[in-house]
1. Find out how many positive minus negative residues lie around L33, taking Lys and Arg as positive, Asp and Glu as negative, among other residues whose Cβ is under 14 Å from that of L33.
2. How much net charge surrounds M1 when only the other residues with a Cβ under 13 Å from the Cβ of M1 are counted, with Lys and Arg +1 and Asp and Glu -1?
3. Sticking with the crude label model, points 7 Å out along Cα→Cβ, report the distance from A46 to F21 in nm, one decimal please.
Amino acid sequence: MVSYSSIDYWPLNTALYVTDFHGNDERFAYYFLKCFDFRSFNSGSAQPSLNRNFVHPVPIDVPPCAGLNRRGVVNERVTR
């Protein structure tokens, strides 16, 4: 499950979360992760689990800026 919050939040101790996007647009990261198939990275047995060490080295293709405006912000019309 991927969630986005533009306000302060209190994640559970089992949540993976980001506080520094290293100059990347937060909403772009959110929509990208919503579309990412995490099922093949399940490291749990009875309870699904995600180990960040399995996902971290996966290379990704960053699409061209078609859905971004001049500041690199996700165009809301593209995401609806």
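Computed from the coordinates by the stated procedures, all read-outs in this text should not be read as laboratory data. Note that the structure is predicted; figures quoted are calculated from it, not measured. Cβ atoms come from the backbone with ideal geometry, glycine included; neighbour counts cover every protein chain shown.
1. Working: positive: R27, K34, R39, R52; negative: D25, E26, D37.
Spelling it out: positives minus negatives among the neighbours equals +1.
2. Details: positive: K34, R39; negative: none.
Neighbour charge sum, excluding M1 itself: +2.
3. With each label point 7 Å from Cα toward Cβ, the separation is 3.9 nm.
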